[in-house]
Structures are given as C-alpha cells and as structure tokens.
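Engineer: Quick one: this structure, given as structure tokens, is what I'll be asking you about.
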Amino acid sequence: MSELPISSKYRSTPDAPVSDGEREELTQRLNDAFAAGQLDQDAYSSRLDQLYAAQRLGDLVPVVRSLPARQTYDDPAMVQQAAGGRPGEVSQARSANRPAIYIVAAVVIIAIILIILLAVLF
C-alpha cells in the first residue's frame, strides 16, 4: 500500500479525523521539504491541496509517504557539539590531578590522626 509502517497512525487509524494540529505539523514538514529542495513546486502545491482536503488520517497517506521521517529523539549529550567547538576538534583535556591530590591529602591526614591516637592510647 505505502512505505509507511503499519504502526503509523495514518495506516493504523485511517478513519480518525484530521486535527488542526496534525494539519499544522504536516504543513511545516511540507514547507521544510520544499525549502530543502526535496519537493518541486507542483508536488508541493498538490500535497498542500491534499492536506487541506483530507477529512481522515487515511487520506493523508499520499501526503506523508515520501516526506522525510521526523526525528523523534534528541541527540545524546555525548555526541552534542561543545559551545564554540568545531566537528572533529578535540577539546582541552580536563586535569585528573586535582581529585587525586585531594584523596592523597585525605589519606595522609587520616594516617596522622591514627598515629596520634595510637600514640596517646599506648
């Protein structure tokens, strides 16, 4: 029937009415595809006409079937670019010495306190 998965709301609930929010979302997706050069003027106009003539979600299958998929996730923080960084640029290494110095200092202080306590008790 189409390239849309069966789980798509346009195929799984084809008799559901088209909401204003759905029309706005699809209008934005069509505008984006047209601006990116993925649709020519005739295809864009034709799909807009189909979009606003549609009464049910199933009527929108021809409109959405060749639109690029909508991103439904955010990029993980691990792959997001740092502010001011360029792709492929290595950022400054963080110093690992500071926590190590604090740990060594804490162990030394605890050892001194234990020595003093042992000297006082014995």
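Engineer: Give the range of the longest stretch in the chain that excludes all GluC sites (Glu not before Pro) found in loop regions by DSSP and having at most 10 other beta-carbon atoms within 10 Å.
Structural biologist: That would be 4-88.
Engineer: Which cross-chain or sequence-distant (5 or more) residues have an amide H under 5 Å from the amide H of ARG56, H modelled 1.01 Å from N in plane?
Structural biologist: Amide H neighbours of ARG56, under 5 Å, 5+ apart: VAL18.
Engineer: Of the listed values (1) 1.57; (2) 1.72; (3) 2.23, grab the one calculated as Cα Rg over 2.2 N^0.38 Å from the structure here.
Structural biologist: Checking each listed value against the structure points to (3).
Engineer: Would you be so kind as to identify which of ASN97, LEU117, SER66 lies farthest towards the positive end of the dipole of the chain, taking Lys and Arg as +1 and Asp and Glu as -1 on Cβ and the Cα centre as origin?
Structural biologist: Of the options given, the answer is LEU117.
Engineer: Would you kindly state how much longer the chain becomes between ASP32 and GLU89 on full extension, computed as 0.36 nm times their sequence separation minus their alpha carbon distance, in nm to one decimal?
Structural biologist: 17.5 nm
Engineer: Next question, about the same structure. Suppose every K and R has +1 on its Cβ and every D and E has -1 on its Cβ; what is the size of the dipole of region 9-64 about the Cα centre, in Debye to the nearest 20?
Structural biologist: Once rounded to the nearest 20, the dipole reads 200 debye.
Engineer: If I stretch the segment between SER12 and ILE112 completely, what's the gain in nm (0.36 nm per residue apart, minus their alpha carbon distance), one decimal?
Structural biologist: My answer for the length gained is 28.8 nm.
Engineer: Apply the Karplus parameterisation 6.51 cos²θ - 1.76 cosθ + 1.60, with θ equal to phi minus 60°, to every residue of region 17-23 and state each ³J(HN,Hα) to the nearest whole Hz, in sequence, with x for glycine and proline.
Structural biologist: With coefficients 6.51, -1.76 and 1.60, one gets x, 7, 8, 5, x, 5, 4 Hz.
Only the coordinates and a few stated rules stand behind these numbers; no lab work does. In this text, all values refer to a predicted model and were calculated from it rather than measured experimentally. Note: ideal-geometry Cβ built from the backbone for every residue, glycine included; neighbour counts use all protein chains shown.
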